[in-house]
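As structure tokens, the structure follows; a few thoughts come after it.
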Amino acid sequence: MKNALMRNIKNKIVTIFIFLQILFFLFCIITISFKRMPHTANSRRESKTERYTSVRVCSGESLWEISGRFYSEEYENMRSYVHKIMKLNNLSDEDIYSGTYLIIPYYD
């Protein structure tokens, strides 16, 4: 009787030990898979940075032409991008003149 009780306890301990090993193995697998997945916080850090440059207006150029050279998908749309340039340069309308300089935002 005492021998059977000891065997029963030993079997339970072995079962618990195996169960804990399986849990540890699953924990390791999950931890490794999360480290390999791209996180949105990391993606944001890797996103492009808005910068500014100065552009000299050449004869015959329009604000829309210059904007088209620097526009990228990070901006909402072309119209809002042009308005942003107008605001940066204190322009009340889209008229620009040859020889003047414009501050142009862009993403790199």
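The values are calculated or read from the model by the stated rules, or taken from the named source; none is laboratory data. None of the values given here were measured: they were computed from a predicted structure. Ideal geometry is used to build each Cβ from the backbone, glycine not excepted, and the neighbour counts take in all protein chains shown. Ligands, DNA and RNA are excluded from the accessible area calculation, which covers all protein heavy atoms including side chains. Shrake-Rupley method; radii C 1.70, N 1.55, O 1.52, S 1.80 Å.
Brief remarks follow.
- Selection of helices (runs of 4 or more DSSP H) fully inside the stretch 1-76 by the criterion of at least 3 residues being modelled with pLDDT under 95 and surrounded by 10 or more Cβ atoms within 10 Å (Cβ to Cβ) returns 2-36.
- Only residues that are open to solvent by less than 90 Å² (accessible area, probe 1.4 Å), in contact with a strand residue (DSSP E or B) (Cβ under 8 Å, 6 or more places away or on another chain) and not in a loop (DSSP other than H, G, I, E, B) were counted in the stretch 82-108, giving 9.
- Tabulated pairs, the stretch 68-90, first over 15 Å from Val57 (Cβ atoms), second small (Gly, Ala, Ser) and open to solvent by 40 Å² or more (accessible area, probe 1.4 Å), C-beta under 9 angstrom, 6+ apart or interchain: Glu74/Ser47; Met78/Gly68
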